[in-house]
Amino acid sequence: MKLVKFKDNIWAYEDLITKEECEGVIRMFNNLEASGDFEWSPISFYESYAYNMPNQLTDDINKLNQWYDEAGLPHGFFDDLEAKFKQCAEELIGGPAYKISFHSQKWIPGAFGAMHSDNSYDGKPSAFERSRYAGFLYLNDDFEGGELSFKNYPISIKPKQGMYAIFDGGHDNMHEVKIVQKNNRFTVGSFWDDRPEDAYSQETKDRWAAEMVETREKQAVQKEDWSKIREDGLRITPDGKVYDAELAEKGEFNG
């Protein structure tokens, strides 16, 4: 495993897991989707989807181990993977890391993540305040586009299979995922805080809850708009331009 430091709080661990393990994770996603045990759900980034990790789907250890066997992964793989993520987060933070989320992700051709901060709006803490550090494991690199780029620095991370990129998700590190131009992009995402939940006041938690209701309502409208565009056989760019979805699916759209 090789550590690359792009900046004091933007790192990448190359070969955190092996090529075979990456392929096994994608195989498990596909197996569980085919069996109906797993379903990708749209999230707030255009044409990107997420779901729980496979080990979060059942309490039946025998069933889970069967899934591992069918995917060619060792038993307990995802528990070990989460532990690796936590270790990387604590190395970056220089202290304890508290998990906020650990989830599967798929980005289809045409998907992108517009420029954003993970835990603030215009520098002010948001309902996602606890997502102070973001980490993403790249499970494949046989796609085009999909680079992780930062607004304030000349840093663009080209995904490599097995790489785990982790960074401070605050306003100073505003970032985007460039348009995925060809083939699906699979990742495992995680968010971390350097403070336990009880470090925040009840007033702050109440603010999060109220803001989250408003945010989810806006996202529901956005998803409906995106669904209509998809039904019309179209895609959009980050600046709102419309183009034929077939160009993305064939890898012929270059932005």
Using modelled backbone amide H atoms (1.01 Å from N, in-plane), which distant-in-sequence or interchain residues come within less than 5 Å of Asn140's amide H? Gly162, Phe186
Give me the log10 of I(q) over I(0) for the range 90-180 at q = 0.13, 0.14 Å⁻¹, as the Debye formula computes it from C-alpha points; what are the numbers? -0.45, -0.53
Tell me the accessible surface of Thr215 in square angstrom (1.4 angstrom probe, heavy atoms of protein chains only), to the nearest ten. 20
Rounded to the nearest 10 Å², the accessible area of Val180 at probe 1.4 Å: 0
Solvent-accessible ranking of Ser149, Ser101, largest area first, probe 1.4 Å: Ser101, Ser149
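Quick one: plug the Kirkwood hydrodynamic radius of the range 129-238 (C-alpha pairs) into Stokes-Einstein at 4 °C, 1.567 mPa s, and report D in µm²/s.
78
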Among Leu57, Leu73, Leu139: highest mean-square fluctuation, GNM of the chain, C-alpha pairs under 10 Å: Leu57
What is the pair-distance distribution P(r) of the range 1-102, computed from all Cα-Cα distances in 5 Å bins starting at 0, with each bin given as a whole percent? 2, 10, 18, 20, 19, 17, 10, 4, 1
What's the FRET efficiency of Ile155 with Ser35 using the Cβ-Cβ distance as r and R₀ = 51 Å, to the nearest 0.05? 0.80
Could you work out Rg/(2.2 N^0.38 Å) for the range 163-214, with Rg from alpha carbons only? 1.61
Accessible area, probe 1.4 Å, largest first, for residues Glu203, Glu176, Glu91, Glu249: Glu203, Glu249, Glu91, Glu176
Karplus couplings for the range 141-157 from phi (6.51 cos²θ - 1.76 cosθ + 1.60, θ = phi - 60°), rounded to Hz, Gly and Pro as x? 9, 8, 10, 10, x, x, 6, 9, 10, 10, 5, 8, 9, x, 10, 9, 9
List, in order, the whole-Hz ³J(HN,Hα) value for each residue of the range 182-189 obtained from phi through the Karplus relation with A = 6.51, B = -1.76, C = 1.60 and θ = phi - 60°; use x for Gly and Pro. 7, 6, 6, 10, 9, 9, 10, x
Run the helix sum for the chain: -39,500 (n - 2.57) per DSSP H stretch of 4+ residues, divided by residue count, reported at 222 nm to the nearest 500 deg cm²/dmol. -10500 deg cm²/dmol
About the Cα centre, and with charges only on the beta carbon of Lys, Arg (+1) and Asp, Glu (-1), how big is the dipole of the chain? Nearest 20 debye, please. 560
Counting only protein heavy atoms, what percent of the accessible surface of the chain is carbon or sulfur at a 1.4 Å probe? 47
Highest GNM mean-square fluctuation, the chain, Cα pairs closer than 10 Å: which of Lys84, Lys160, Lys205? Lys205
Dipole magnitude of the range 149-255 about its Cα centre (Cβ charges: Lys, Arg +1; Asp, Glu -1), debye to nearest 20: 580
Can I get the semi-axes of the chain's equivalent ellipsoid? Compute them from the C-alpha gyration tensor as square roots of 5 times the eigenvalues, in angstrom, largest first. 25, 25, 20
For the range 1-95, the dipole about the Cα centre with charges only on Cβ (Lys and Arg +1, Asp and Glu -1), to the nearest 20 debye, works out at 380
Using protein chains only and a probe of 1.4 angstrom, how many square angstrom of Asp244 are accessible, to the nearest 10? 70
Can you work out the PRE-style zone for Gln222? Point 7 Å along Cα to Cβ, and I want the residues of the range 156-187 with backbone N under 13 Å. 177
Using a probe radius of 1.4 Å on heavy atoms only, what accessible surface per residue do you get for the range 34-86? Whole Å² is fine. 51
For the chain, set up a Gaussian network in which alpha carbons nearer than 10 Å are linked by springs, and say which option among Lys124, Lys86, Lys106 fluctuates the most. Lys124
Considering the dipole of the range 205-255 built from charges on the beta carbon (Lys and Arg +1, Asp and Glu -1) around the Cα centre, which of Ala245, Ala220, Gly233 is farthest to its positive end? Ala220
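The values are calculated or read from the model by the stated rules, or taken from the named source; none is laboratory data. Keep in mind that what you see is a predicted model, and the values were worked out from it rather than measured. A quick note on method: Cβ atoms are made from the backbone with ideal geometry, for glycine too, and the neighbour counts reach across all protein chains shown. Ligands, DNA and RNA are stripped out before the accessible areas are found, and what is left, the full protein with its side chains, is counted by its heavy atoms. Shrake-Rupley method; radii C 1.70, N 1.55, O 1.52, S 1.80 Å.
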